[in-house]
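Peer 1: Once you've had a glance at the structure underneath, I'll fire off some questions.
The values are calculated or read from the model by the stated rules, or taken from the named source; none is laboratory data. Predicted model only: the values in this text are computed from it and were never measured. Ideal geometry is used to build each Cβ from the backbone, glycine not excepted, and the neighbour counts take in all protein chains shown. Heads up: the accessible areas ignore ligands, DNA and RNA and are worked out on the full protein's heavy atoms, side chains in. Shrake-Rupley method; radii C 1.70, N 1.55, O 1.52, S 1.80 Å.
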Amino acid sequence: KKKKKKKKKKKKKKKKIITKKIQTMRKFCLALVLAAVGLFTASASGNLAVEKVTVKRTWNVSDEAKEYATYNFTPGVNVTVDMPVGNSRLATAVKHWISKVLSADELDLKTAEDMVDAMVTKIKSEDGADQTVDLTITKVYENAKIVTFVVNGYDYPIGAAHGMPYTYGATFRKSDCKEMGERLVNKKAKLNLLIWNGLKKHYKVKSNSKLREYVNYSMKSLPAPTIAPWVVKEGVVFQYGSYEIGPYSSGMPAAVVPVKSLLPYLTKEGRALLK
């Protein structure tokens, strides 16, 4: 009888151990499935991976410009780019845009190094060799429908009183990889008040008179920016260039208008993306 009881106990223990192992395996398999689903969801959402790449090139001052050069002036370019990784349609479209930003005409260049080398060739061919160029291209915003990159640059030609800064952005629609830009807002939209209020926030002023210390226009006469708008988390950016609406000392003012305020003035494409 005692032997029979021991055998029964052993059988029960074995059953418990086997049951626990099965449960553990089920949990493990479920975890693998969930992980796979998570990976699929992440890839399906189209998040664009980028790799930050810095490329520097320098060269000698031309003989004609040596008399204008300061002691430590060295012509060259210093470029930092958030380069898209992979060969998806979106990555390819953004790479083409980056190539256009850097080298203007050569859109089939695939690496940042090749793009910057083409940029240097172009600078030298246009008698602009005696200058420095600092430029960054950064991915600043992304959601399920769009991704936005912004260019910040500063060109300084030898002997100039100061360099020329510039900023502009590009928002790409993920569904077809098109750059939105002018497609976002109706061309005939009257945005003076919205942009005017955005400029107040930019300069951290509350009154119209205070804003006029930075801007050469009234609210009614304020021109639209020549730079195409782009999208960030806070809304749509309306960027002015240096000297565009004020003196050099006013910098490059930007008005960020919340999407909610801008909805009546968006195109059908713009509403579909931003609503």
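Peer 1: When the residues of the range 116-146 are filtered to those that are assigned to a helix (DSSP H, G or I) and out of contact with any strand residue (DSSP E or B) (no Cβ under 8 Å at 6 or more places or on another chain), which remaining residue is surrounded by the most Cβ atoms within 10 Å (Cβ to Cβ)?
Peer 2: Restricting to residues being assigned to a helix (DSSP H, G or I) and out of contact with any strand residue (DSSP E or B) (no Cβ under 8 Å at 6 or more places or on another chain), the top hit is Ala118.
Peer 1: If you check every pair at least six apart or on different chains, which have Cβ atoms under 7 Å apart with a residue in the range 233-244 that is assigned to a loop (DSSP other than H, G, I, E, B) first and a residue that is open to solvent by less than 10 Å² (accessible area, probe 1.4 Å) second?
Peer 2: Taking only residues 6 or more apart or on different chains, the pairs are Tyr240/Pro253.
Peer 1: Cβ-Cβ distance below 9 Å, separation of 6 or more or different chains: which pairs start in the range 81-100 with a residue that is free of Cβ contacts under 8 Å to residues at least 24 places away in the same chain and open to solvent by less than 20 Å² (accessible area, probe 1.4 Å) and end on one that is in a helix (DSSP H, G or I) and not hydrophobic (A, V, I, L, M, F, W, C)?
Peer 2: Every condition considered, the pairs that remain are Ser99/Asp114.
Peer 1: What do you reckon, is Ser175 open to solvent by 30 Å² or more (accessible area, probe 1.4 Å), without any contact (Cβ under 8 Å) to a residue 24 or more places away in the chain, hydroxyl-bearing (Ser, Thr, Tyr) and not in a strand (DSSP E or B)?
Peer 2: No, not satisfied.
Peer 1: Can you name the number of the only condition in (1) closer than 20 Å to Ser250 by Cβ; (2) in contact with an Asp or Glu (Cβ under 6 Å, 6 or more places away or on another chain) that Ile158 fails?
Peer 2: So the condition that Ile158 fails would be (1).
Peer 1: Do we find that Asn72 is out of contact with any Ser or Thr (no Cβ under 9 Å at 6 or more places or on another chain), of a type outside the set (Asp, Glu) and exposed (fewer than 15 other Cβ atoms within 10 Å of the Cβ) in this structure?
Peer 2: In short, yes.
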